[in-house]
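Student: One structure is given below, represented as structure tokens, and several questions about it will come after.
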Amino acid sequence: MAPSDAAPASSASPASPASPADDSSRALSFDRAAARYAEARPGYPPALFDAVEELAGRPLRGARTVDVGAGTGIATRLLLDRGARVLAVEPGPGMAGQLHRTLPHIPVVRGDGNRLPLATASADLITYAQSWHWTDPSLAGPEALRVLRPGGALALWWNTSDHSVPWIAEQDVRLRRFFGVDRSAHGSPDRSPGLPPEFDRAHRTVPWARRVSLDAHLANLGTHSAFLVLGDDAARRFLDEERDRLAELFPDGTVVESYVVELIVALRPERPAPPVRG
């Protein structure tokens, strides 16, 4: 329920004095808000992990899993709860530190999907929760193929706001106007993730919702990269105005955030395809 982390704003809005930041600064902007991120960001429903297991063709329990762009460990913890054997990969020192404080028994490796610091054919499953869009797919795709064992799976997913809900659609209009973007400012999945042709892909959507306080909803908004690179004063002005609007819609102070998780699972073939003969 927040402005997209997938790409920088296309142009500066009159409401925003900040120039658009490049992808690298946005990707590391989360470090300054790691504790707030861990507290405010939504998790994922059990049905998502059911779908991962179904499309991957194996249970998560016991699976050697690499959670790339693990952030503060929101998806990492849920994978652990399903019995996966998880190694977290995270480039940001602040986010990695928060993950270690939350899950001190989980190994955390500093790195990113473009250059996975892992052995070839060492993983049953590689996951990217809200993080594939920070990679260069021309590098991250072949790296996933290298690190996955034959028959292993790459799972990419994004929590996206459900714009069929009127108040969410109206908030998205305000966010797009503020940030000066044409696409959805609530967060968008990458339905063309640039995966190598060797992968066999499947797609699934998983709707879900959570009930949070108005303060928690606004904190969630404020931890997205578009706000983090904007500057505290400008972000605070928008969020204060948003508080006044939503307080009228939700007088009891409870907001129902509705999401649709967009999931892509790509399978590495058990054996290389035979050469094409002319």
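Student: Here is a check on your reading of the model: is Gly278 modelled with pLDDT under 95 and either over 21 Å from Trp158 (Cβ atoms) or assigned to a helix (DSSP H, G or I) (or both)?
Tutor: So Gly278 passes the test.
Student: Any residue in region 202-227 that's without any contact (Cβ under 8 Å) to a residue 40 or more places away in the chain: show its pairings with residues that are open to solvent by 40 Å² or more (accessible area, probe 1.4 Å) at Cβ separation under 8 Å, as long as the two are six or more apart or on different chains.
Tutor: These pairs meet every condition: Leu218/Arg243.
Student: Identify, from the list Asp22, Asp50, the residue that is open to solvent by 70 Å² or more (accessible area, probe 1.4 Å), at pLDDT below 95, among the charged types (D, E, K, R) and more than 23 Å from Thr102 (Cα to Cα).
Tutor: Just a single option satisfies the conditions, and that option is Asp22.
Student: List every residue pair whose Cβ atoms sit under 7 Å apart, with the two residues 6 or more apart in sequence or on different chains, where the first one lies in region 146-158 and is basic (Lys, Arg) and the second, anywhere, is open to solvent by less than 10 Å² (accessible area, probe 1.4 Å) and outside any helix (DSSP H, G or I).
Tutor: Arg149/Ala123
Student: Could you check Arg58 against (1) touching a residue at least 60 places away in the same chain (Cβ under 8 Å); (2) on the phi > 0 side of the Ramachandran plot; (3) surrounded by fewer than 20 Cβ atoms within 10 Å (Cβ to Cβ) and say which number it fails?
Tutor: Every listed condition holds for Arg58 apart from (2).
Student: When residues of region 220-235 are filtered for being closer than 24 Å to Arg210 by Cβ and part of a helix (DSSP H, G or I), how many remain?
Tutor: Residues flagged as closer than 24 Å to Arg210 by Cβ and part of a helix (DSSP H, G or I) within region 220-235 amount to 8.
Student: Same structure, new question: Would you mind finding the one in Thr65, Thr102 that is hydroxyl-bearing (Ser, Thr, Tyr), touching a residue at least 40 places away in the same chain (Cβ under 8 Å) and either touching a His at 6+ places or on another chain (Cβ under 6 Å) or open to solvent by 30 Å² or more (accessible area, probe 1.4 Å) (or both)?
Tutor: Thr102
Student: Right, here's the next one. Among the candidates Arg211, Arg243, which residue alone is over 27 Å from Val89 (Cα atoms), of a type in the set (Lys, Arg) and exposed (fewer than 13 other Cβ atoms within 10 Å of the Cβ)?
Tutor: Testing whether each residue is over 27 Å from Val89 (Cα atoms), of a type in the set (Lys, Arg) and exposed (fewer than 13 other Cβ atoms within 10 Å of the Cβ) leaves just Arg211.
Student: Consider region 120-136. How many of its residues are open to solvent by 40 Å² or more (accessible area, probe 1.4 Å) and farther than 18 Å from Ala84 by Cβ?
Tutor: 3
The values are calculated or read from the model by the stated rules, or taken from the named source; none is laboratory data. Owing to the predicted nature of the structure, the values given are computational and were not obtained by experimental measurement. For neighbour counting, all protein chains shown are included, and Cβ atoms are generated from backbone atoms with ideal geometry for every residue, glycine included. Heavy atoms of the whole protein, side chains included, go into the accessibility calculation; ligands, DNA and RNA do not. Shrake-Rupley method; radii C 1.70, N 1.55, O 1.52, S 1.80 Å.
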